[in-house]
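The values are calculated or read from the model by the stated rules, or taken from the named source; none is laboratory data. All values reported here derive from a predicted model rather than from experimental measurement. Reconstructed Cβ throughout: ideal geometry from the backbone, glycine too, with neighbour counts over all protein chains shown. Calculation scope for accessible area: heavy atoms of the full protein, side chains included, ligands and nucleic acids excluded. Shrake-Rupley method; radii C 1.70, N 1.55, O 1.52, S 1.80 Å.
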Amino acid sequence: MDISKVVVFRAGNEEYGVPIENVISIEKLEDINVIPNMPYYMKGVVMVRGELIPTLDTNNILYKQETTITENIKLIVIQSDELSVALIVEDAKEIIDIEQEQLKSISVGAFQATKYFVAVASIESRLITIIDPNQFISSLEGISLVKDEIISHQL
């Protein structure tokens, strides 16, 4: 994965990055329309540019904790190979350039359960974990149910 620019966001006490090529937009959190019987991490759907987008709680996925809604909460709308999703994140306000020499690959056995963490960028005193959106979305349990539900609502 060639990474040169990422959108940085916070979840928990950590910083994560998503390659800019996968980011459609960064939105303020508006009303989320709840869809019953969806996986625990899906909070509902939002309308972005005329399209229904599933809204996923990043804290819930990464830390099994609900995100506390504050004025800093943002939605990062990302495109994966499977579908577009809006990630609820604690803050997303920066796009940074990353040089290849700042990236360290993750090959530690502990990360086998989180194959979507593809690298860590070491920038000054910060560590930013880079997420592959395709692996992130496809790794979610029940994502096919979400995809089917969104498609049925789009028709």
Can you give me the number of residues within the range 90-99 that are open to solvent by less than 90 Å² (accessible area, probe 1.4 Å) and farther than 18 Å from residue 25 by Cα? 1
Within the range 106-125, does at least one residue satisfy the condition of being within 20 Å of residue 49 (Cβ to Cβ) and touching a helix residue (DSSP H, G or I) at 6+ places or on another chain (Cβ under 7 Å)? no
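Would you confirm, using the coordinates I've provided, whether residue 114 is among the hydroxyl-bearing types (Ser, Thr, Tyr), under 23 Å from residue 143 (Cβ atoms) and under 11 Å from the mean Cα position of the chain (by Cα)?
no
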Could you say which residue among 102, 112 is at pLDDT below 85 and either over 20 Å from residue 26 (Cα atoms) or of a type in the set (Asp, Glu) (or both)? 112
Tally the residues that are in contact (Cβ under 8 Å) with a residue 12 or more places away in the chain, among the acidic types (Asp, Glu) and open to solvent by 40 Å² or more (accessible area, probe 1.4 Å), restricting the search to the range 37-77. 1
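From 81, 132, grab the single residue that is open to solvent by less than 50 Å² (accessible area, probe 1.4 Å), modelled with pLDDT of 85 or more, of a type in the set (D, E, K, R) and at negative phi.
Testing whether each residue is open to solvent by less than 50 Å² (accessible area, probe 1.4 Å), modelled with pLDDT of 85 or more, of a type in the set (D, E, K, R) and at negative phi leaves just 132.
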In the range 19-36, residue surrounded by the fewest Cβ atoms within 10 Å (Cβ to Cβ) [restricted to those that are out of contact with any Asp or Glu (no Cβ under 7 Å at 6 or more places or on another chain) and over 26 Å from residue 6 (Cβ atoms)]: 36
